[in-house]
Amino acid sequence: MPLTGKNYIQGETSALGAETFYSVDPRSNTAGDIAFTSATEAEVALAVAGACAAFQQMRHYAPSRIADLLEEIATQIEALGDALLHTADSETGLGLPRLTGERARATGQFRAFAALLRDGAYLRAIINTEAPGQPSLRQMQFPLGPVAVFAASNFPFAFSVAGGDTASALAAGCPVVVKAHPGHPATSELFAQALGKAVAAQGFPAGAFSLLQGKGIDVGGWLVAQDGIEAVGFTGSLRGGRALYDAAARRPRPIPVYAEMGSVNPVVITQAALAERGQDIAAGLVASVTMGSGQFCTNPGLILLEDSAASQDFIAAVTEKMGAAAAGVLLNEAIARGLHAAVRQTAAHEDISLLTGGSEVPDSAAFRFSNTVMQTTAAAIRADDRLQTEHFGPVTLFVLCDDAADLRAAVAALEGNLTATLHAEAAELETISDLLHQLREKAGRVIWNGFPTGVAVVAAMQHGGPYPATTAPATTSVGSNAIYRFLRPIAFQNVPDALLPAALQDANPLGITRQVDGQYRAGAV
């Protein structure tokens, strides 16, 4: 299907609004030739009404039927072919190699959730049979209802219209209404066409998926305010995520908002690690900071180390490498503008030294920002939490600490993050344990002798963390456990077997593994 520039609501295109906008190629700052129409409040209500109607059917579907839909979505995304890659490249400047890999990640997520559903253990079926003084109790997970998903700018496939939030919400049995990111509206419409075909091919109600376009904040605000929405998935800025969280809390009936809002991802490097492999760490750090022009939520933006001659040499080496590396393309004008403002504010701080970069790249039509290194002290970090502001781009800040105790005090002052990294040597294992576990309290993922960029989509991944990294530190937005954001447990007490869901019936017709009186088994009760 050709692109229409319209919203995709309950299987039909719709463009009732007067506001339009265009995608922009970040490499040339030129607008595309398709006008996209922002959704109206009436269209938002129509999409949510369709999702509510779809949920009345989907909540009765067997996991295997939902798995069929997820696999069909993956197939339909692949059927978009190279047109998807070229469209996304023209809107994001991310390049075909990166986008090809991200497409595989996106389709892989849908297929992984399909496999999870077919296994059935995700239902967490728990049975306690009747005993003296105790009723029969049986518990399992059920879908929440329609979910609003806000697409991210920096992952147009894996965290956008057909990204992990959409995949996990649909896997839970929840219809999805996506607010597309205005940075890649054409890519978003292509995904909507693929999901719409999959929904129709599998005989799901048309309201199982809708896509709303919109340049400003109105569409998202209207969406979260709709009473039929039961949960929100968001990946983006602290400002945007907190606004949605507060809006959801103000509703007469508040709902959960699972917002991933960025992180400075502290990296601690010991003196022993510097002495043993300082050059390798410097090269790896620069590669991580500049990967994707620094536009990863796991970008290592805060580097802590004790002050020494070795540390000064290390900072000088990183600064030189950062200054020599070519400045990459940023995703859009809004990100470029926000990055410039954030760096300007930090660099103006009296306790900050700007070592390299700190400005937009002159004489460039593209949205570019120079690779930037800044330096401060542990005392400054402790005194002013503004120095922990995320700089969404190729920027990192060194924090020099007087000694080991000063470093530990700086770590104690850190806010919540998605990741925390420790570079140390095997000879330090006996003395480094306390520091490692201090970092654990500040992040959802702790990394040993590596770098935080690169998030494996596997069951053990934890992509979340304490506030302000996320609004829900007990959850993850990556991996199979992401499904539990959109499920809730319900227990049945003394309910006749014939009225129970199949997963809880004595005969175990689904053949799944269940916890029965404290023992895991797959047979009948």
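The values are calculated or read from the model by the stated rules, or taken from the named source; none is laboratory data. Predicted model, so just to flag it, every value in this text is computed and none were measured. Note that each Cβ is placed from the backbone with ideal geometry, even for glycine, and that neighbours are counted across all protein chains shown. Areas reflect the complete protein model, heavy atoms only, side chains present, ligands, DNA and RNA absent. Shrake-Rupley method; radii C 1.70, N 1.55, O 1.52, S 1.80 Å.
Details
- Point-charge dipole on Cβ atoms (K/R +1, D/E -1) for the chain, about Cα centre, debye to 20: 1360 debye
- Extension gain for the segment Arg440 to Ala341, taken as residue separation times 0.36 nm less the Cα-Cα distance, is 32.6 nm to one decimal.
- Spin-label pair Trp448/Arg59, simplified geometry with 7 Å Cα→Cβ offset, distance in nm: 4.6 nm
- Span-like helix criteria (full DSSP H runs; alpha carbon extent of at least 30 Å along the helix axis; mean Kyte-Doolittle hydropathy of at least -1.0) are satisfied in the chain by 96-119.
- Fraction of beta bridges assigned by DSSP in segment 395-525 that are antiparallel (%, nearest 5): 40 percent
- Solvent accessible area, Å² - Lys179, 1.4 Å probe, full protein context: 10 Å²
- With the charge dipole of the chain set up from +1 on Lys and Arg Cβ and -1 on Asp and Glu Cβ about the Cα centre, the Cα lying farthest toward the positive end among the listed residues Asn371, Ser237, Gln505 is that of Gln505.
- Charged-residue dipole, Cβ positions (Lys, Arg, Asp, Glu), segment 195-323 about Cα centre, Debye nearest 20: 700 debye
- When both segment 158-233 and segment 302-318 are represented by their alpha-carbon centers, they are found 45 Å apart.
- Structure-based [θ]222 nm, the chain - -39500 (n - 2.57) summed over DSSP H runs of at least 4, per residue, nearest 500: -12000 deg cm²/dmol
- Dipole of segment 377-470, positive end: most advanced residue of Thr431, Ala412, Val455 [Cβ charges, Cα centre]: Val455
- Among beta bridges from DSSP that stay inside the chain, the antiparallel ones total about 40%.
- Charge dipole (segment 52-94, unit charges on Cβ, about Cα centre) - positive-most of Tyr61, Leu94, Gln76: Tyr61
- Measuring nothing but protein heavy atoms, the accessible surface of the chain at 1.4 Å probe radius is 52 percent carbon and sulfur.
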